[in-house]
Amino acid sequence: MPRFLKRGVLLRSLAVGLALVMVSSCAVRTDQIARDPNTVRIAVNGWVGYEASAEVLANILREEMGYEVQLIRVDEQPSWQALDQGVMDVIVENWGHEELFELYGPDGNGTAVDGGPNGNEGVIGWYVPAYLAEEYPEITTLEGLKANTDLFRTAQTGDKGEFLAGAPGFVSQDQGMINAFDLDLEIVYAGSEAAQITEVRRRYANEEPVLFYFYDPQWFQEEVDLVKVDFPDYHEGCDADLDDVPCDYPVYDLNKIFRAGFVEEDDSGPNSRHTCDTW
């Protein structure tokens with residue numbers, strides 16, 4: 001998984017910073033659920049890149065720094081709810097979710113804080129295999145896709161083309177794009193990222209048509225040759241109504257989210273505060 005290996009230095013720095021936070025006088029909130037200060041509870045969201053990052057981070061914390069680590073498998077939105085309830089400490093990779101930060105961040109419940117960038121830029125989009133783009137070059141444009149949705153028809157979708165999604169809980173504006181661009185497509189959920197990759201891999205091996213939700217960075221992009229479909233560029237506010245989204249996905253500056261009490265600022269001096277703010 002080449003893309004994950006590139007992140008090793010970033011994750012090691014993150015782990016070191018986390019350890020410094022824990023041994024500094026950054027206090028755990030006394031009004032939250034009591035917890036062992038030597039234990040870190042990390043949310044594990046359901047896509048492979050996140051899982052790999054969480055495992056590497058947990059291994060560094062356990063093996064090199066002596067902390068207990070609990071890896072807790074949970075979907076994206078419930079991860080934030082767990083932070084709010086004081087039963088989770090760290091979200092390793094956050095894709096946007098401005099509405100959740102507004103609800104749980106400093107201007108909301110005050111139970112979640114921005115942990116800073118994790119070193120990656122996230123791109124979500126619609127993808128087709130390169131062999132399909134070579135046969136139908138226009139299919140990577142909006143008008144070309146609109147004229148060729150019949151290529152993606154399946155027994156399940158009938159007269160509509162299939163748009164293959166992963167899990168319903170992922171960040172998504174796909175139905176709004178289908179509505180706004182009047183595309184003759186129906187969303188079919190594979191159920192998980194792993195199931196989606198398995199299905200795309202099967203169709204890719206047989207050089208069958210497939211149109212699907214995917215993202216970068218992701219190790220599967222190293223295994224298969226994919227082409228992203230071009231849509232009108234994202235601009236602020238174009239996704240305000242998720243039932244009518246006439247634009248592509250934004251580019252996400254991926255960041256970490258922490259439980260507020262986990263890195264709460266105190267009066268011990270600038271070094272401690274700097275560590276809490278920057279790890």
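The values are calculated or read from the model by the stated rules, or taken from the named source; none is laboratory data. Treat the numbers as computed from the prediction; the structure is a model and nothing was measured. Cβ sites come from the backbone with ideal geometry, for glycine too, and all protein chains shown count toward neighbours. When the accessible area is computed, the model is the full protein with side chains, heavy atoms only, and any ligands, DNA or RNA have been set aside. Shrake-Rupley method; radii C 1.70, N 1.55, O 1.52, S 1.80 Å.
Computed quantities for the displayed model
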quantity	calculated
Residue within the stretch 164-178 that is surrounded by fewer than 19 Cβ atoms within 10 Å (Cβ to Cβ) and more than 28 Å from Glu121 (Cα to Cα) present	no
Test: residue in the stretch 148-166 that is of a type in the set (A, V, I, L, M) and under 21 Å from the mean Cα position of the chain (by Cα)	yes
Residues that are under 20 Å from the mean Cα position of the chain (by Cα) and buried (at least 16 other Cβ atoms within 10 Å of the Cβ), drawn from the stretch 193-210	Glu193, Gln196, Ile197, Val200
Count - residues of the stretch 31-81 that are closer than 22 Å to Glu99 by Cα, open to solvent by less than 20 Å² (accessible area, probe 1.4 Å) and either of a type outside the set (Val, Ile, Thr) or assigned to a loop (DSSP other than H, G, I, E, B) (or both)	7
Complete set of residues in the stretch 149-189 that are out of contact with any helix residue (DSSP H, G or I) (no Cβ under 9 Å at 6 or more places or on another chain), part of a loop (DSSP other than H, G, I, E, B) and farther than 24 Å from Asp75 by Cβ	Thr154, Ala155, Gln156, Thr157, Gly158
Hits in the stretch 101-132 (condition: under 21 Å from Trp47 (Cβ atoms), part of a helix (DSSP H, G or I) and open to solvent by less than 10 Å² (accessible area, probe 1.4 Å))	none
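Okay, residues lined up against (1) more than 25 Å from Glu143 (Cβ to Cβ); (2) hydrophobic (A, V, I, L, M, F, W, C):
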| residue | (1), (2) |
| --- | --- |
| Tyr215 | no, no |
| Gln218 | yes, no |
| Val229 | no, yes |
| Asp233 | no, no |
| Gly237 | no, no |
| Val245 | no, yes |
| Arg259 | yes, no |
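Each row is one residue, and each column tells you yes or no for (1) in contact with a strand residue (DSSP E or B) (Cβ under 9 Å, 6 or more places away or on another chain); (2) in a strand (DSSP E or B); (3) under 17 Å from Gly176 (Cβ atoms); (4) modelled with pLDDT of 95 or more.
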position: Glu199; (1), (2), (3), (4): yes, no, no, yes
position: Tyr204; (1), (2), (3), (4): yes, no, no, yes
position: Pro209; (1), (2), (3), (4): yes, no, no, yes
position: Glu222; (1), (2), (3), (4): no, no, no, no
position: Val227; (1), (2), (3), (4): yes, yes, no, yes
position: Phe231; (1), (2), (3), (4): yes, no, yes, yes
position: Glu236; (1), (2), (3), (4): no, no, yes, no
position: Asp241; (1), (2), (3), (4): no, no, yes, yes
position: Asp244; (1), (2), (3), (4): no, no, yes, yes
